[in-house]
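Notes for the one structure printed next.
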Amino acid sequence: MVAQLAVPALLMAGTRDPQRLADSRRAAELMPNARFVELEGRTHAGTLAPAGPVLEELVPFLRAVPA
């Protein structure tokens, strides 16, 4: 079912959240328009903070998505 999701997707997970890391990486492999970003040293609770490295990936991704 995940392989049928054709919408652009950016999946992120921290290296200290092994289950989410594996799940997100696999989902990105299956989805035709997905990209996966590994966030070094981040846990599940700390995936989005600090925001700088996340925004460095997110902003260009969003700019590249067709309107």
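The values are calculated or read from the model by the stated rules, or taken from the named source; none is laboratory data. Only a predicted model underlies this, so the values are computations on that prediction, with no experimental measurement involved. Note that each Cβ is placed from the backbone with ideal geometry, even for glycine, and that neighbours are counted across all protein chains shown. The protein model used for the area step is the full one, side chains on, heavy atoms only, and it has no ligands, DNA or RNA in it. Shrake-Rupley method; radii C 1.70, N 1.55, O 1.52, S 1.80 Å.
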For G14, the residues 5 or more places away or on another chain with a placed amide H closer than 5 Å to its own amide H are L39
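Please state the charge dipole magnitude for the chain, taken about the Cα centre, from unit charges on C-beta atoms (+1 on K and R, -1 on D and E), reported in debye and rounded to the nearest 20.
Magnitude of the dipole: close to 80 debye.
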Neighbours of A3 by Cβ distance under 13 Å: Lys/Arg at +1, Asp/Glu at -1, summed charge 0
In whole angstrom, largest first, the equivalent ellipsoid semi-axes that the Cα gyration tensor gives for the chain are 20, 17, 7
Env charge @ T15, Cβ radius under 13 Å, K,R +1 / D,E -1, value +1
Stretched fully, the stretch from A45 through F61 gains (0.36 nm per residue minus C-alpha distance, one decimal, in nm) 3.5 nm
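Any idea of the accessible area per residue across the chain, 1.4 Å probe, to the nearest Å²?
Heavy-atom SASA per residue in the chain reads 69 Å².
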Heavy-atom accessible area of the chain with neighbours in place, 1.4 angstrom probe: carbon+sulfur share in percent works out to 60
Dividing the helical contributions, -39500 (n - 2.57) per DSSP H run of n ≥ 4, by the residues of the chain yields a 222 nm value, nearest 500 deg cm²/dmol, of -13000 deg cm²/dmol
